[in-house]
Structure formats: C-alpha cells, structure tokens
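S.K.: Just passing along the structure, written as structure tokens.
Nothing in this text is a laboratory measurement; each read-out follows from the coordinates by a stated rule. What you see is a predicted model; the values in this text were computed from it and never measured. When we count neighbours, we look across all protein chains shown, and the Cβ atoms used for this are built from the backbone with ideal geometry, even at glycine.
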Amino acid sequence: MAPGCAAPRRLHGSLPMTEPQIAQYASYTVPVEAGREYTWCACGRSATQPFCDGRHAGSGIAPKTFTPLRSGLAYLCGCKHSRRAPFCDGTHDTL
C-alpha cells in the first residue's frame, strides 16, 4: 500500500441509506382521526405502508410522527420524497 493511503474498510451489515426507497409513485389515501398520533414511514421499507413498522432500523432514515388537526382522509406521500412530508406534494410525478 502506498504511503499515506488508508487501508480499505470492511463494511458489515446494511449500510445507511442516503435516499429512501420509493414505496409507490402515488399518494396513500388513508382515514385519520384528529388528535391521534401516527408514524409515517420515511424510508420506504415498511410492509405496512404508509405507516412505519420499524424496518428503518440501521437505514439512517427516521420515520415522521404527526397528529392531524382534523379527522378525514389524508394523502400521505408514497414516493418518500415530498417536501411536505408526511403529506403528498406531487413530487412523485417528477421522479
């Protein structure tokens, strides 16, 4: 190895993600209750989309907790790239 070069690092396990996985290219339309706390999946790995099931562990991406002010239908981001997360802003149309 050349002087001044660091030895290559061996990586084990899953690497932190820098970008979330796209769960779907559309919003999830879900009923929500005012005052109830929800945890939206931000990494795209959850099997219970659009909500978190803990599969983000080790991904470097944390879920987002929110409490709706009104009961009714919510349009939650499915592509995981919305600038208004957890709500859909149409970003999926540009991916």
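S.K.: Could you list the trypsin sites (Lys or Arg not before Pro) in the stretch 35-71 that lie in coil according to DSSP, counting only those with at most 16 other Cβ atoms within 10 Å of their Cβ?
M.R.: Details: sites: Arg36, Arg45, Arg55, Lys64, Arg70; in loops: Arg36, Arg45, Arg55, Arg70.
In loop regions of the stretch 35-71 (DSSP not H, G, I, E or B), the sparsely surrounded trypsin sites (Lys or Arg not before Pro) are Arg36, Arg55, Arg70.
S.K.: Relative to the present Cα-Cα distance, how much length would full extension add between Glu37 and Phe51 at 0.36 nm per residue of separation?
M.R.: 3.9 nm
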